[in-house]
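Notes follow the structure.
FYI, it's all coordinate maths here, none of it is from the lab. Note that this is a predicted model, so its numbers are computed, not measured. For neighbour counting, all protein chains shown are included, and Cβ atoms are generated from backbone atoms with ideal geometry for every residue, glycine included.
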Amino acid sequence: YERFAIWSVMTDIATGKEFCFANTHIDNKNLDADAATDYYLMKTQVGNMVNHIQARSSSTDSSNNVLRPIIIVGDFNANPGKSPITTMTGRQYSDTYTEAVKKEYPSELAGPYARATMHDSGTPNWAAYDYIFARGGSFTVPLHKICHPKYNNVELSDHMAVIVDMQYTFTE
């Protein structure tokens, strides 16, 4: 049950600055078997992914080897406060939901279920497994939205879509 991250170095068209973008799906095969073991394995997967991406995201156009900004999105299969998520925030990655809540519209997104991204047969189960993390540079999040996608009244996934508008300022 191997998991991986797909990543790429991209260039912002307006500024010509490079950043790294990655998408991942962290393991979820045994979440009910032994929570302590599973979260340890998930934390290890997240740590390995971050190490791998950061090792390959050093800027090639700078003599001082500066780390490019990094955006990591995906299904982390863990609620806020669990080790896969605290591993990301402990590595100085900002959760865009948290940034939106504290900077832009605290009353609109606040509440215990506001960030739920999972549902069971059309009913929310209040799990928040899907995240967008960013590190490096400076950014604001004027829009963070969780949508329930359907096509012809059919659920497209057991996950809800996370939509973010990030306004990014690259540092030199």
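Which peptide among 68-74, 86-92 comes first, and what is the full order, when sorted by highest mean count of other Cβ atoms within 10 Å?
Details: 68-74: 22.0, 86-92: 15.9.
The densest-packed peptide leads the list: 68-74, 86-92.
Using the Cβ-Cβ distance between Q54 and K150 with R0 set to 45 Å, the FRET efficiency from 1/(1 + (r/R0)^6) comes to roughly 0.75. Spin-label model, Q92 to N28: label points 7 Å out along the Cα-to-beta-carbon direction sit 3.1 nm apart.
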